[in-house]
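One structure is given below, encoded as structure tokens.
The values are calculated or read from the model by the stated rules, or taken from the named source; none is laboratory data. Predicted model only: the values in this text are computed from it and were never measured. Cβ atoms come from the backbone with ideal geometry, glycine included; neighbour counts cover every protein chain shown. Only protein heavy atoms, including side chains, enter the accessible area calculation; ligands, DNA and RNA are left aside. Shrake-Rupley method; radii C 1.70, N 1.55, O 1.52, S 1.80 Å.
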Amino acid sequence: MLDTPHNRPDLPAEIARRRTFAIISHPDAGKTTLTEKFLLYGGAIQMAGQVRAKGEARRTRSDFMQMEKDRGISVSASAMSFDFKDFRFNLVDTPGHSDFSEDTYRTLTAVDAAVMVIDGAKGVESQTQKLFEVCRLRDLPILTFCNKMDRESRDTFEIIDEIQEMLAIDVTPASWPIGVGRDFIGCYDMLNDRLELMDRADRNKVAETIEIKGLDDPKLAEHVPAHLIDKLREDVEMARELLPALNPQSVLEGHMTPIWFGSAINSFGVKELMEGIGTYGPEPQPQSAEPRQIAPEEDKVTGFVFKVQANMDPKHRDRVAFLRMASGHFKRGMKLTHVRSKKPMAVSNPVLFLASDRELAEEAWAGDIIGIPNHGQLRIGDTLTEGESLRVTGIPSFAPELLQQARAGDPMKAKHLEKALMQFAEEGAAKVFKPTFGSGFIVGVVGQLQFEVLGSRIELEYGLPVRFESSQFTSARWVHGPKETVEKFAAANKQHIATDNDGDVVYLTRLQWDIDRVERDWPEITLSSTKEMMV
């Protein structure tokens, strides 16, 4: 996020009502369930699904891959657009599993804010902390939702303290829970002085709101058991004295996070959180690019690709590029310039997503996320403009932490395997390296689970059995330096050299010693563990 001058012009109404955000959390904190409830309140679905559905209960909408359905985890970022009150929400659900953190990092470059979901019993967990650090790097505003309050959870002050200490951010309560676990009956809305009561019987029912005039209102006793009223009054008084008051500007700058308490599975606290996103979440923000920053209110259309998903529809072998609109008002059929290839591209069938359901997008504004079906022209990091040569910056690609050799189950199908692997490499699902020596490919990922997902997708989508075998190499580094020196270096270290799917030179290492040796013997060469998605 960039420092935005206060004298920026007002945004057109259609752009100003957009809120584009991601949901981040540790696996199992309830992120996908919360996403489902968002769709329920946005009127996008009639009945929210469950991650591990039994019997008649529906499956979730945002987990559309077979493996996600089988395992009850999200392994692919999905985008959804829906209306809520006066706002247009563009929500990107990120993979919770840490093995897919790269997908999540890239997603965070395409949003203006993040909703952090934490589990009331577990507090801030390791993956949450990692993702929070990325938000911090980009000064993303963060809104917090403390989930699972209907189960045994920790003391509210303790949870707030932990967030403040571990994440070094001011926390201000937007609501306060009444009772915990089985005694949890709802929340006191601290921003509007009203009571929100939970209905345990119907999980899809919107919570009942009771208007009260502060905590001394006699009406309180009609709805809250006596032993909980005293504790609530005492807690809220303490919270108001000890914790900072909500400062909307501080929230937008990423220094303060408002926290709502609730239970996503019981649809409780979700509506208040959504209202909070509308009120305190940022409008579409300027995007950093070369040679100049892109402002959302500009008339001309620009957008950048932050994710590519292959085979969303296995019958058609299609690939959809997720494009974040950075400026302007896009209309279907527009001709845009693909900056990397300098070729014009007619965008005739863009789609809006509701997870795996999609509809044709007749138009889109800055802040929206649209899908562009294509046959491989669009890659992560590509910028589309109305002619100007701009390149959106800051979309990262990380060195893989695990390397394995990929072999086709049937040697006659090695060519097919190459094609499948290249598709996944362009999608960003894995790094694929072609060694200069020997045959086959080396596939690099961040976490072991990605090999399983890759193997099952290659088999399902291409009908190719594939096996991954251990490789002598443990990590990969991109090689940078003067062209002649790089060529000399590559010739002298043939056994270690490979190229990635963009054709860039990569140095495969076995030990830290290999990297130290290069630094010592080749001072003009730099080995890098990240590569910006250059176009």
Solvent-accessible ranking of 26, 255, largest area first, probe 1.4 Å: 255, 26
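I need the shape label for the range 470-519. Rule: rounded when a/c is under 1.5, else prolate if a/b > b/c, else oblate, with a, b, c from the alpha carbon gyration tensor. Each step should come with its number before you reach the end.
Details: a/c = 1.90, a/b = 1.28, b/c = 1.48.
Since a/c reaches 1.5 but b/c is at least a/b, the shape of the range 470-519 is classed as oblate.
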What aspartates and glutamates sit close enough to residue 85 to cross-link, taking a C-alpha to C-alpha distance under 14 Å and skipping anything fewer than 8 places away on the same chain? 14, 272, 275
Using Cα positions and a limit of under 15 Å, work out the aspartates and glutamates in reach of residue 271, with same-chain residues fewer than 8 apart set aside. 36, 83, 86, 189, 196, 199, 208
Along principal axes, largest first, the alpha-carbon spread of the range 421-492 in whole Å comes out as 43, 23, 21
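Could you tell me which of the pairs 37/130; 31/419; 148/231; 148/431 are separated by over 28 angstrom between their Cα atoms in the structure shown? Please report the intermediate quantities before stating the final value.
Details: 37/130 25 Å; 31/419 34 Å; 148/231 20 Å; 148/431 37 Å.
Pairs exceeding the cut-off: 31/419; 148/431.
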Residue by residue through the range 184-196, what is 3J(HN,Hα) from phi via Karplus (6.51 cos²θ - 1.76 cosθ + 1.60, θ = phi - 60°)? Round to whole Hz and write x for glycine and proline. 5, 10, x, 9, 9, 7, 6, 7, 10, 6, 9, 9, 10
So which lysines can residue 342 reach, going by Cα to Cα under 21 Å and dropping same-chain residues fewer than 8 places off? 300, 307, 331
Restrict the search to the range 210-279; then list the chymotrypsin sites (Phe, Trp or Tyr not before Pro) that DSSP places in a loop and that have at most 13 other Cβ atoms within 10 Å of their Cβ. none
Shape category assigned to the range 374-444 from the gyration tensor of Cα positions, a/c cut at 1.5: prolate
